[in-house]
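Right, one structure below, let's go through it.
The values are calculated or read from the model by the stated rules, or taken from the named source; none is laboratory data. Keep in mind that what you see is a predicted model, and the values were worked out from it rather than measured. Please note: Cβ atoms are built from the backbone with ideal geometry, for glycine as well, and neighbour counts cover all protein chains shown.
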Amino acid sequence: MLKVVNAMGDACPIPVVKTKNAIKELIGAGMVETLVDNEIAVQNVTKMAVSSGGNVTSEKLGEKEFKVTIQMNGAV
């Protein structure tokens, strides 16, 4: 299951809150992709996801466009 969270233009902590909610909606294993527009949001979403037990990767897609991919492997 894949959930995409568009948090472009959202100030912290909104990207983290949106991503946390998406992780909760995953039933068991799945993936969440969060799109954000600044490095601070990437760092904050990454920290939250790692503390939730996710495997996290991030990539820069453009000047102000980043994608954080979180792989969840089971119950949160």
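Go through (1) under 20 Å from Gly62 (Cβ atoms); (2) under 12 Å from the mean Cα position of the chain (by Cα); (3) among the aliphatic types (A, V, I, L, M) and name the single condition Leu2 misses.
For Leu2, the failing item is (1).
Considering Val36, Val45, Val17, Val68, which residue is surrounded by 13 or more Cβ atoms within 10 Å (Cβ to Cβ) and in contact with a Phe, Trp or Tyr (Cβ under 7 Å, 6 or more places away or on another chain)?
Val36
Could you please tell me which pairs satisfy a Cβ distance under 9 Å, a separation of 6+ or placement on different chains, a first residue in region 41-54 that is more than 15 Å from Asn73 (Cα to Cα), and a second residue that is modelled with pLDDT of 95 or more and of a type in the set (Asp, Glu)?
Between residues of region 41-54 that are more than 15 Å from Asn73 (Cα to Cα) and residues that are modelled with pLDDT of 95 or more and of a type in the set (Asp, Glu), the close pairs are Ala41/Asp10.
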